[in-house]
Each structure stands twice: as structure tokens, then as C-alpha cells.
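Working notes, beginning with the structure itself.
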Amino acid sequence: MLPLVGQAISSGGNSYASLSEDGLRESIVANSYRLLSPRQNLFTILIAAQVTGSSGGVLAEQRAVAVVWRDPYPDANGRHPALVRFFKWLME
């Protein structure tokens, strides 16, 4: 049984106290179906770069992590739009 069934829950002026367990489950699905879609393509990309000297030794190194969203459906130009949602330099 869901822990919130039978309790008054207020969200944006709506009261869910009278919903049955099935009604509550259906409302969760009905209100979140647009959040779950095959259009969601999220990639976590780990980036590492090194600068080496003429002797082959490593002079500098930097790492980062990025989360990139890509639309799996092409736009009018035939391209797949992408957006960097998060980027962070990693310090050791």
C-alpha cells in the first residue's frame, strides 16, 4: 500500500485525500507520462586531456564531466539538436 493513501495531501490547491489507492496510482501515471518519453536521450561524457612535452612527459592534465541531452528525432534541417545540461571541471 502506498504510504500517502488516506492522508490529506495538498499540492497547488488540489486535495488528494479522497483518492483510492488505484486512483492515486492512476494520477501518478497521468501526471508524469510526458516526463517519460523515447525522446529523452541523456549521455554522461567523461572528458580527459593531457599536454605532453617533447620528451613525452605529461606537463598538464585536466578532466571534466558533462551531461548532454540529444533529441533522437531530427529537426527540419535533418539534424539532431543537442544541449549541454551540466558541465563540471574535476579537480583532484
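What follows is calculated from the coordinates using simple rules that are stated; it is not laboratory data. Fair warning: this is a prediction, and the values are worked out from it, not measured in the lab. When we count neighbours, we look across all protein chains shown, and the Cβ atoms used for this are built from the backbone with ideal geometry, even at glycine.
A few comments on the model shown:
- Each residue of the range 63-72 was assigned a 3J(HN,Hα) from its phi angle through the Karplus expression (A = 6.51, B = -1.76, C = 1.60, θ = phi - 60°), giving 10, 8, 10, 9, 10, 10, 9, 10, 7, x Hz with x at Gly and Pro.
- Two-site label geometry, ALA76 and GLU21: point separation in nm, points 7 Å out along Cα→Cβ: 5.1
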